[in-house]
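Note sheet for the following structure.
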Amino acid sequence: MAFKKYIRPVNLGIKTKLEQAVLELIAGFICAVFSYVGYEADLVILCYPTALVALICFMLSLYNLYELVQYWLSKSPDKA
């Protein structure tokens, strides 16, 4: 007798690039705060990895905003 159990994917409900950018900004801010606290407490094991994650989150949110602006500009009716 075999059981067929599969892990269901997580549905975050993100519908737009703007929502995704805001969520990444929030996650980046939280990681930046953890990094700062780790720096002040001389905890290298907390400071550098969270700083890296914060930097990646900020870069991804900027990239999503860039894609959103490109999408808006491509849908512009003034485009000749």
message: Six or more apart or on different chains, Cβ atoms under 6 Å: show the pairs whose first residue is in the range 40-57 and over 15 Å from Ile26 (Cβ atoms) and whose second is of a type outside the set (A, V, I, L, M, F, W, C) and in a helix (DSSP H, G or I).
response: Leu46/Gly38; Cys47/Ser35; Cys47/Gly38; Cys47/Tyr39; Ala51/Ser35
query: Is the range 9-25 home to any residue that is among the basic types (Lys, Arg) and in a loop (DSSP other than H, G, I, E, B)?
result: yes
task: Would you mention how many residues in the range 1-47 are surrounded by 13 or more Cβ atoms within 10 Å (Cβ to Cβ) and hydroxyl-bearing (Ser, Thr, Tyr)?
output: 3
task: Go through the range 29-62 and count every residue that is among the charged types (D, E, K, R) and in a helix (DSSP H, G or I).
output: 1
- request: State which residue pairs qualify: first residue in contact (Cβ under 8 Å) with a residue 40 or more places away in the chain and inside the range 61-76, second residue of a type in the set (Asp, Glu) and surrounded by 13 or more Cβ atoms within 10 Å (Cβ to Cβ) in any location, beta carbons under 6 Å apart, and separation of 6 or more residues or different chains.
  value: Ser61/Glu24
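Quick note: the coordinates plus some simple rules give every number you see, no bench work behind them. Predicted, not measured: the structure shown is a model, and the values here were computed from it. With ideal geometry, Cβ positions are generated from the backbone for all residues, glycine too; neighbour counts draw on all protein chains shown.
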